[in-house]
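Bear in mind that the values in this text are calculations on the coordinates, not laboratory data. Fair warning: this is a prediction, and the values are worked out from it, not measured in the lab. No Cβ is skipped: glycine too gets one built from the backbone with ideal geometry, and neighbour counts run over all protein chains shown.
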Amino acid sequence: MKTELEGVASKYAEAILSLAIKSSPAGLDEVVGKDLEGISATMQQSPELRMLLGHPSIPAEQKKAFLVSLFSKKVNELTLRLIELLNDKRRLDLLPQIANRYHALLNQRKQIVTAKLVCSNPLGDKALADIKARLGEHLGKKLDLDVSVDQTLLGGFLLKLGDQVIDGSIKAKLRAIEKTLLSV
């Protein structure tokens with residue numbers, strides 16, 4: 001269930017994606033996506049910047065001028081206009097949610113599925129390419145696979161694909177055996 005703020009963030013993301021698709025340079029949708037991710041990361045990594053932008057005694061026009069000077073040479077004009085609009089509407093705090101939703105909408109439009117693979121040991125390039133190929137073939141879509149290592153799994157893997165989780169770890173199998181033995 002979406003919260004009200006998630007709904008608002010979704011509307012902004014849909015609107016900016018629509019504008020990016022309709023704009024003249026092809027690939028602007030990708031550029032805006034990278035811009036949003038970069039700005040969101042910058043704001044999340046800088047508590048001073050968040051404090052400055054959230055401070056009630058600093059006028060909105062000063063915040064806008066600061067944001068324009070900070071990002072004007074680094075981001076596309078469309079992205080900069082969105083940042084200005086969010087500042088005017090006092091919605092800058094929604095930027096991480098907007099960036100996430102924008103990325104999800106862009107992937108959906110390009111038929112790219114995002115998945116997260118957690119392994120017990122690092123995978124080689126060949127094994128990783130094989131997994132990507134098999135999953136992509138099974139899904140019938142392109143795959144954006146985020147791979148990480150968690151040695152507490154003991155062996156095997158954990159695959160998160162949307163809201164579906166496939167737990168092929170030894171840790172999960174041991175837990176299942178333990179549960180079966182305790183129920184006897």
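Measuring between alpha carbons in the structure, the pairs from 73/110; 110/141; 34/160; 34/141; 132/160; 11/63 lying more than 20 angstrom apart are 73/110; 34/160; 34/141; 11/63. Here each label is just a point 7 Å from Cα along the line to Cβ, and for residue 166 and residue 46 those points are 4.2 nm apart. Farthest toward the positive end of the dipole of the chain, out of 8, 70, 80, is the Cα of 8, where the dipole comes from beta carbon charges about the Cα centre. Converting phi to 3J(HN,Hα) with the Karplus coefficients 6.51, -1.76 and 1.60 and the offset θ = phi - 60°, the stretch 83-93 yields 4, 4, 4, 4, 5, 4, 8, 6, 10, 4, 5 Hz in sequence order, with x at every glycine or proline. Based on Cα contacts under 8 Å between residues 6+ apart, the stretch 1-151 shows a relative contact order of 27 percent.
Modelled spin-label separation between residue 22 and residue 175, with each label point placed 7 Å from Cα along the Cα-to-Cβ direction: 4.8 nm. Between the amide H of residue 147 and those of 117, distances stay under 5 Å, these residues lying 5 or more places away or on another chain, with hydrogens modeled in the peptide plane.
For the chain, the Cα-based Rg and Dmax, in that order, read 21.1, 69 Å.
What is the local net charge at residue 63, summed over the other residues whose Cβ is closer than 11 Å to its Cβ (Lys, Arg +1; Asp, Glu -1)? Overall, the nearby charge balance is -1.
Computed from backbone phi with θ = phi - 60° and the Karplus coefficients 6.51, -1.76 and 1.60, the 3J(HN,Hα) list for the stretch 37-49 is 4, x, 5, 4, 4, 4, 5, 6, 8, 10, x, 5, 5 Hz; x is used for glycine and proline.
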